[in-house]
1. Please give the residues of the range 1-34, grouped as numeric ranges, whose backbone N is less than 13 Å from a label point set 7 Å along the Cα-to-Cβ vector of LYS44.
2. Restricting attention to the chain, which GluC sites (Glu not before Pro) occupy a DSSP loop and are surrounded by at most 13 other Cβ atoms within 10 Å?
3. Rounded, prolate or oblate for the chain? Axes are the square roots of the Cα gyration tensor eigenvalues, ordered a ≥ b ≥ c, and the cut-off for rounded is a/c under 1.5.
4. Over the chain, calculate the relative contact order: mean separation of alpha carbon pairs under 8 Å at least 6 apart, over the residue count, as a percent.
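No lab work stands behind these numbers, since they all come straight from the coordinates. Quick caveat: nothing in here was measured; it's all calculated off a predicted structure. Cβ coordinates were reconstructed from backbone atoms using ideal geometry, including for glycine residues, and neighbour counts include every protein chain displayed.
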Amino acid sequence: MMRAPMRVLTSQSLFVGEHEIGIEHHGALYRLKITRQGKLILNK
């Protein structure tokens, strides 16, 4: 069975000038942040 290609988004298109966004997943809110070092951190 063939899998569909993975959808790829740029962090620039997700954050649109912000340093933190919220992601709702199964009723829980997660925070995705860009650190000062330019890395991504996901917290619940």
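1. Label zone hits: 25-31.
2. On the way: sites: GLU18, GLU20, GLU24; in loops: GLU18.
Answer in residue order: GLU18.
3. Working: a/c = 2.30, a/b = 1.41, b/c = 1.63.
It comes out oblate by the Cα gyration axes.
4. Contact order relative to length: 23 percent.
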